[in-house]
Amino acid sequence: MVKTAPEVKVEQTQVNQPKQDDSNGWSGGQATNIPLPNGGSIQLPDEAESIVNPPDAEKPQFDKTIINETLQQSRQAITGRIMQFIDFKRDISGGYAPLYEMLKDYPFRKGKMLRPTMCISAARAMGGMGDRALTTAAALELYHNAFLIHDDIEDGSESRRGKETLHHAIGVARAINVGDATNVLAVGLLLENLSAIGIQKTLNVLHEIEFMAQQSVEGQAMELDWVANNTGQLTDQDYFTMCVKKTCWYTFMTPLRIGLIIGHPTANLTELVKPLADITRFGMILGIAFQIQDDLLNILGDLKTYGKEIGGDIYEGKRTIMLNHVIANSNAADRILEILALPREQKKPEQIGFILEEMKRCGSIDHGWYLARTLANQADNIFESMDFLKPESPLQPGENWGSSLQDRRFLKQLINYVIYRNL
C-alpha cells in the first residue's frame with residue numbers, strides 16, 4: 001500500500017487558510033510548527049515516506065529570456081548600488097582601503113542574485129517601484145554574501161562561484177572579518193531606506209530581516225550539530241525543519257515578504273495578512289525544493305555550471321535529504337556513518353564514491369528528485385492562487401528602472417528554473 005505524504009502548510013492565526021486538494025500536494029501527518037514574524041506558524045510534515053503520483057519525468061521548459069533578462073537587469077542595478085555604498089562608506093570615514101576592496105569580492109563573483117531580484121519583482125508585482133526596493137535588495141545580497149563567507153569557513157568549503165573560497169585565499173581570520181564587515185555594511189544600507197520608503201516600512205523591513213537572521217543561524221546550528229555529532233536516522237521532517245530555518249527564510253520567504261511590504265501602497269501590515277501568508281507558504285515550499293535540488297547538484301552536477309565543489313556535501317558530512325535516506329535504508333549504514341565521522345581531509349574519493357553508489361542503489365537520489373519536483377508542483381498551485389500579484393508591472397511615472405518587466409511571469413518561471421537549472 002502506498003502511503004500519502006503529509007501536507008506542507010503555512011497557517012496564519014488571523015485568517016483561515018484554504019484546504020489543499022490532496023492530489024496537489026501533501027495530506028495528513030502530524031505537524032511541527034515554526035513561527036512567523038507577524039504571528040501564526042508554518043506547519044511542516046511529519047514524514048514524507050513516499051511520493052504519490054510523482055511528476056512527469058519530462059523536463060518542463062522555463063522561459064530563459066524572462067529569467068535571464070530580469071536577473072541581468074537587477075544584477076546591474078544591485079551591484080551598482082553595492083559598489084556605490086562601499087565606496088561611499090570608505091570615503092566618508094577615511095576607511096582602510098584594502099578592507100573595502102575585499103568587501104567587493106563575493107558580491108561581484110557573478111552570483112545569480114535570485115534573492116534581491118525576487119524582492120524587487122515582488123514589490124513591482126504589488127504595484128510598487130523597483131528603485132524603492134533596490135536598497136533593501138542590495139542589503140539582502142550583502143547579508144547573503146556575509147552568510148556565505150562564514151558558511152564556507154564553517155563547512156570547510158574549497159570553492160565558491162567557480163573560484164577559491166575567501167578563507168582559502170586570504171586566511172580564516174581575515175575572511176571572518178570581511179564577513180563581519182559585510183554584515184555591518186548591510187545594516188547601513190537598510191538605514192538608507194528611511195528616505196526612500198519611510199520610517200514604518202523601514203522598521204517593518206528591519207523586523208523581517210532580524211527574524212530571517214535568527215532563523216538562519218538556528219538552522220545552521222542544527223546542521224552543524226548533526227555533522228559534529230555524526231547524527232543518523234534523521235527524518236524528512238528533521239530535514240524540512242532545518243531547511244526552512246537555514247535556507248528558505250533568507251533565500252525565498254523573506255525576500256518575497258519584504259517585496260510585498262515595500263510594494264504595498266501603505267505601511268499597514270494588517271492589510272497584508274492574507275498576501276503575506278500565501279507568499280510565505282509559496283516561498284517555503286519552493287525553498288525546500290530549491291535546497292533539495294541544490295543538494296542533488298552537489299553530487300551530480302558539473303563544476304563549471306554549479307560553481308561549487310562537487311561532492312562537497314558528503315565530504316563535509318551534511319545531512320541532505322539523500323544522505324538521510326541512504327542511512328535509513330542501506331544495509332551499510334554503519335559503514336556510511338563511519339566514513340562520515342572521519343575528518344574531511346581523511347575522507348578518500350573511493351569512500352565518497354561508495355556512499356554515492358549506495359544512494360543510487362537505495363533510491364535515495366530518486367527520492368530527493370521526486371520530492372523536489374512534487375514540492376515544485378505544489379508551489380505552482382499556490383502561485384496560481386495569488387491573485388494579488390499584478391499580471392503586468394509597467395513602469396510608473398518617476399520610476400527609474402530601465403524597462404517594463406512582467407514580474408509575475410518572472411516569479412512564475414522561477415518555479416521550474418530552481419528545479420531544472422544547470423541540468
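The values are calculated or read from the model by the stated rules, or taken from the named source; none is laboratory data. What you see is a predicted model; the values in this text were computed from it and never measured. All Cβ positions, even for glycine, are placed from backbone atoms using ideal geometry, and neighbour counts span all protein chains on display.
A few remarks follow.
- Any hit, segment 188-203, residues being under 22 Å from LYS104 (Cα atoms), without any contact (Cβ under 8 Å) to a residue 12 or more places away in the chain and of a type in the set (A, V, I, L, M): yes
- Screening ALA213, ALA137 for residues that are within 16 Å of the chain's Cα centre (by Cα), of a type in the set (A, V, I, L, M, F, W, C), in a helix (DSSP H, G or I) and crowded, with 23+ Cβ neighbours inside 10 Å leaves exactly one candidate, ALA137.
- Hey, LEU103 in contact with a Phe, Trp or Tyr (Cβ under 9 Å, 6 or more places away or on another chain), of a type outside the set (Val, Ile, Thr) and either within 17 Å of ALA186 (Cβ to Cβ) or at pLDDT 90 or above (or both) or not: no
- Yes/no for ILE415 being assigned to a helix (DSSP H, G or I) and under 18 Å from GLN61 (Cβ atoms): yes
- When GLY127 is tested against (1) within 21 Å of ARG160 (Cα to Cα); (2) surrounded by 14 or more Cβ atoms within 10 Å (Cβ to Cβ), only condition (1) is not met.
- Restricting segment 72-105 to residues that are touching a residue at least 24 places away in the same chain (Cβ under 8 Å), of a type in the set (A, V, I, L, M, F, W, C) and over 22 Å from LYS163 (Cβ atoms) leaves a set whose member that is surrounded by the fewest Cβ atoms within 10 Å (Cβ to Cβ) is PHE85.
- Here GLY130 meets each of (1) small (Gly, Ala, Ser); (2) in contact with a strand residue (DSSP E or B) (Cβ under 7 Å, 6 or more places away or on another chain); (3) at pLDDT 85 or above with one exception, condition (2).
- From the list ILE327, ILE292, ILE279, the one residue that fits, being crowded, with 23+ Cβ neighbours inside 10 Å, under 25 Å from VAL205 (Cα atoms), hydrophobic (A, V, I, L, M, F, W, C) and at pLDDT 95 or above, is ILE279.
- Residues located in segment 333-389, provided they are under 25 Å from the mean Cα position of the chain (by Cα) and free of Cβ contacts under 8 Å to residues at least 12 places away in the same chain: ASP366, GLU384, ASP387
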